[in-house]
Amino acid sequence: MESQYNAANIEQKWQQKWEASGLYQPSDDNNQPKFYALSMFPYPSGSLHMGHVRNYVITDVIARCKRMQGYRVLHPMGWDAFGLPAENAAIKNGVPPAKWTYQNIAQMKKQLQQLGLSLDWSRELATCSADYYKWTQWIFLQFFQAGLAYQKEASVNWDPIDQTVLANEQVDSEGRSWRSGAIVERKVLRQWFLKITDYAEQLLNDLDKLTGWPERVKTMQANWIGKSVGAYLEFPIVGMDEKIGVFTTRPDTVYGVTYVVLAPEHPLTQKVTTSDNQEAIDAFIQEVKNESEIERVAEDKPKRGILTGGKAINPFNGEEIPILIADYVLYEYGTGAVMGVPAHDTRDFKFAREKNLAIRTVIIPDGGDASAELSAAYTDPGSMVNSAQFDGRSSIEGKTGIIEYAEKQGYGKARIQYRLRDWLISRQRYWGAPIPVVHCPSCGIVPVPEEELPVKLPDDVEFTGRGSSPLAKLDWVNVKCPSCGEPAKRETDTMDVFIDSSWYFLRFSDANNDREIFASDKVNNWMPVDQYVGGIEHAILHLLYSRFFTKVLRDRGLLNFDEPFQRLLSQGMVQGQTYMNPNKGDKEKWIPTNLVNPNDPRDPETGEPLELVYATMSKSKGNGVAPEEVINKYGVDTARMFVLFKAPPEKDLEWDEADVEGQFRFLNRIWRLVSEFVNRPNQTKKNKGQLSKEEKDLRRAIHIAIKEVSEDLEDEYQFNTAISELMKLSNALTEAKCLDSPVYAEGIETLIVLLAPFAPHIAEQLWHELGRDFSVHQYAWPKVDSSALEVDEITLVIQVMGKTRGTIQVPSNLDRDALEKYARESEVAQRHLQGKEIKKVIVVPGKLVNFVVA
């Protein structure tokens, strides 16, 4: 065996052998328990970064360990391949999106294969392939047939640079597009939606089933769904038959309503506006039109509003109250109108003060004064006042009472409302799955027949980056109506890329099926995913949409499970040392490392001194470390060991070259240990029966390692402490003197087997150096021998008056009396008790004996 570890000599060799042998292609046989390990699949941007490496290595360790524990493991990989970057590349470089995408896939697949991941590449998929988006379109038709896909006019977020609609989640806190950075505008278009709101209650309640998810992710989803329990109340409009409907969680304050506010886009706005106010209203609407939703509802932004001149009636007290419009009320949220209760709502209080609107107290703290002038809104529970027959009731009871009264009088009713809105899926782009419907002048919206799927993207497309969808400019749009045969038009919108990633995990169960989306027996066999790994940035959208799709397909009779992911691990980010100018804005403050003199770090533009901090690796910060640099220098196994050892998986990882070097040295120590063992003549003698103390100590170290590493790879994954246990076992073997003992041979074998999930290439090579003719990754995970953990002797602490005076070695099975006898007779006790009277002896079995003296 070679005495020196050379990663380059072994890693590619074993990767090729594993792939050729089909080692990681699982059986659908139900005789073994299944385990489905999945990393969130990547967008093919062209190159892997260290965040990718961390994500995929974490999942790979779990998959490898489960495989060795006797599970049949599904561990697939694919590509989230539709999206704007490919189309932008086509505009910039004149390269067709498909060509750009598949070139990137080839590059990234090659990089992924270098990581030695135990992936089943036979199930590889790309969402931009017609073989895949055929079924994405088929799913859309399932939603359409179920009444869950519909089209309507909607005010949408419009990116003026990319010329496309953005979901709310694609608009940042500054009201800018998540991709182009443009200030987002509002625009009314006819759009396709999915009725996720029909599943709001299920999506919320079923969070309780997700016991393997981080609580913060479940909380984020619950807040996004945003269930509110309250009342729907109607305020008649003076001089009209129509009413303004509002939703409130505080019906107990209804007698304090002194105005109502409509969204500027509300259909009633123009109807209630008087001629004297029309010009001002029109100007205000135009101003608001160009603001994003984020800007309009921002907490730190002043709330703007204007009187319409119209009046409404508070039906509970008969008072006429003014109707306003304001920027903070959105037509798409709730009813598009709110009631103003300035005495008991902080926002309303400030708004009413600015607009000189009436403020009426209807809730006071117990013992409070109803006539006292308010300096701020009172928002806590209390006693109802100025509320007719409800005076004196607690506001908590008053909520129920008001709702019952409103229902009897016809003023309103109890209602549950959600913050969640239907999912807008239309995108005015080319590089996405075409929506499979046809617009016929006679028949209306007609779904494309299933046998005609997929509706393929045309190839002869010109990309300018301006105007409507490229698809709308092609003859491709002209077709015959599937229903009546008359001339019709294809839908030119494509689907949001989140659609593609909302079901890919299902397709992996039967990825090569060209007859149906998947066979029910196979998807029900493999699903749900047992361990899903990905970034916290996907905590809301991707995971929520995936849960929604799963429930809809279940209700369509395609699945028999409720949730797609049993356990979720949201791994932390990889951070690199980064130079920052604190005097610059958020985007300009990061200075690429290659532009800075590390001995005198200054801003190359301003000369200002720079701070050196850890920040998430990214191209814009210029602080990234290319995976191939580390692999070429140290090998894949070292890179894997570093990202696993440096920090617990859910925490951020700070990149440090010195720590990478440390893992490289550790693997070299293991190599030398095994090399010396293999090359030693007559390496192992037969066991003669009774183990010596040294052999017992070494065997205890071996089985402690098995126990600790096994525990670290279950439930709360602690890869860093598992590697620490491997280091302890390595040290125990290094220090052992019983080199020819079968126990030492057991230790060498165990070290290699426990190392295998973490550093698979070196473990495989060392395993074969031991003379094994099958893969270490097919070897059974070792089990703990509890008898090996038993200790023959313990260290007993001797104390006098509570102070430790020394220790002695005693048999581990002694009772209290025997421990006291050993302690009294010890040299330590004799020395410190000489001439003193023992008043009391305190014995703590297995730990100490304390003498209390006069």
* **Local electrostatic count at residue 549 - Lys and Arg +1, Asp and Glu -1, tallied over other residues with Cβ under 14 Å** => -1
* How many percent of the accessible area of the stretch 692-847 is carbon or sulfur, using a 1.4 Å probe? -> 48
* Compute the Kirkwood hydrodynamic radius of the stretch 436-507, taking the inverse of the mean of 1/r over all pairs of distinct Cα atoms, and give it in Å to one decimal. => 13.8
* Please state the Cα pair-distance histogram of the chain with 10 angstrom bins from zero: what percent is in each bin? -> 2, 10, 16, 18, 17, 14, 11, 7, 4, 1, 0, 0
* To do: Can you figure out the FRET efficiency of residue 419 with residue 452, using R₀ = 41 Å and their beta-carbon distance, to the nearest 0.05?
  => 0.60
* Structure fact -> Placing +1 on each Lys and Arg Cβ and -1 on each Asp and Glu Cβ in the chain, then taking the dipole about the Cα centre, the residue among 230, 26, 213 whose Cα reaches farthest towards the positive end is 26
* Asked: Hey, got a sec? Which GluC sites (Glu not before Pro) in the stretch 438-505 land in a DSSP loop and have at most 12 other Cβ atoms within 10 Å?
  -> 462
* Return the carbon/sulfur percentage of the accessible area of the stretch 361-463, one whole number, probe 1.4 Å, all protein chains in place. => 46
* Structure fact -> Sorting 545, 505, 495 by the position of each Cα along the dipole of the stretch 492-546 (Lys, Arg +1; Asp, Glu -1; all at Cβ), the one nearest the positive end of that ordering is 505
* Cross-link partners of residue 92 among aspartates and glutamates (Cα-Cα below 19 Å; sequence separation of 8 or more within a chain) -> 159, 162, 459, 460, 462
* Asked: Using the C-alpha gyration tensor of the stretch 765-810, what are the square roots of 5 times its eigenvalues, in whole angstrom, with the largest one first?
  -> 46, 12, 9
* Asked: Could you state the principal axis extents of the C-alpha atoms in the stretch 1-76, from the largest down, to the nearest angstrom?
  -> 43, 39, 20
* **Simple Cβ-charge dipole of the stretch 18-126, Lys/Arg +1 and Asp/Glu -1, about Cα centre, in debye nearest 20** => 200
* Structure fact -> Output for the stretch 92-181 (equivalent-ellipsoid semi-axes, sqrt of 5λ from the C-alpha gyration tensor, Å, descending) is 31, 23, 14
* To do: From the C-alpha gyration tensor of the stretch 645-740, pull out the three semi-axes of the equivalent ellipsoid (sqrt of 5λ each), sorted largest to smallest, in whole Å.
  => 30, 18, 9
* To do: Treating the Cα atoms of the stretch 793-854 as identical point scatterers in vacuum, please give the log10 of the normalised Debye intensity I(q)/I(0) at q = 0.12, 0.17, 0.30 Å⁻¹, two decimals.
  => -0.23, -0.47, -1.46
* Structure fact -> the chain: antiparallel bridges as % of DSSP beta bridges, rounded to 5, reads 80
* For the stretch 765-773, Karplus couplings with θ = phi - 60° (6.51, -1.76, 1.60), whole Hz, Gly/Pro x -> 5, 5, 4, 6, 5, 6, x, 6, 10
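Assuming R0 = 22 Å, what is the FRET efficiency of residue 286 and residue 174, from their Cβ-Cβ distance, to the nearest 0.05?
In this case the efficiency is close to 0.50.
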* Shape parameters for the stretch 1-152, alpha-carbon atoms, Rg then Dmax in Å -> 19.0, 71
* Which order do the peptides 101-111, 553-563, 249-259 take when ranked by the mean count of other beta-carbon atoms within 10 Å per residue, highest first? => 249-259, 101-111, 553-563
* Quick one: with all protein chains in place, what share of the accessible area of the stretch 1-90 is carbon or sulfur, to the nearest percent (1.4 Å probe)? -> 44
* To do: Could you pull out every one of the aspartates and glutamates with an alpha carbon less than 15 Å from that of residue 218, ignoring same-chain neighbours closer than 8 positions?
  => 201, 206, 208, 537, 563
* Please work out the Cα center distance from the stretch 282-355 to the stretch 122-194, rounded to the nearest Å. => 30
* Candidate lysines for bridging to residue 187, where Cα separation is under 16 Å - those fewer than 8 sequence places away on the same chain excluded -> 152, 289
* To do: With a probe of 1.4 Å, find how much accessible area the chain has per residue, and write the answer as a whole number in Å².
  => 44
* Beyond 18 Å, what percent of the Cα pairs of the stretch 105-243 remain? -> 78
* Which of the peptides 277-283, 383-389 is most tightly packed, and how do the rest follow, going by the mean number of other Cβ atoms within 10 Å of each residue? -> 383-389, 277-283
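Which order do the peptides 307-313, 582-588 come out in when sorted by mean C-beta neighbours inside 10 angstrom, highest first? Please report the intermediate quantities before stating the final value.
Numbers: 307-313: 20.9, 582-588: 10.0.
Highest-to-lowest ranking by the protection proxy: 307-313, 582-588.
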* Asked: Looking at the stretch 713-815, what % of the alpha carbon pairs are farther apart than 25 Å?
  -> 40
* Over all alpha-carbon pairs of the stretch 620-663, lay out the pair-distance distribution in 5 Å bins, whole %, shortest bin first. => 5, 22, 32, 24, 14, 3
* To do: Compute the Rg/Rh shape ratio of the stretch 733-780: radius of gyration over Kirkwood radius, all on alpha-carbon atoms.
  => 0.99
* Using only Cα atoms, figure out Rg for the stretch 164-318 and give it as a multiple of 2.2 N^0.38 Å. => 1.30
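Taking the Cα centre of the stretch 180-238 as origin, work out the dipole magnitude from +1 charges on Lys and Arg Cβ and -1 charges on Asp and Glu Cβ, in debye rounded to 20.
Here the size comes out at about 260 debye.
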* To do: Determine the relative contact order of the stretch 358-464: mean sequence separation of Cα pairs under 8 Å and six or more apart, normalised by residue count, in whole percent.
  => 13
* **Environment charge of residue 604, counting only residues whose C-beta is closer than 14 Å and scoring Lys/Arg +1, Asp/Glu -1** => -2
* To do: Treating only the Cβ atoms of Lys and Arg (+1) and Asp and Glu (-1) as charged, compute the dipole magnitude of the stretch 671-778 about its Cα centre; round to the nearest 20 debye.
  => 700
* Per-bin percent of Cα-Cα distances, the stretch 235-327 [5 Å] -> 2, 13, 23, 22, 20, 13, 6, 1
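The values are calculated or read from the model by the stated rules, or taken from the named source; none is laboratory data. Predicted, not measured: the structure shown is a model, and the values here were computed from it. A quick note on method: Cβ atoms are made from the backbone with ideal geometry, for glycine too, and the neighbour counts reach across all protein chains shown. Quick note on the areas: whole protein, heavy atoms, side chains included, nothing else; ligands and nucleic acids left out. Shrake-Rupley method; radii C 1.70, N 1.55, O 1.52, S 1.80 Å.
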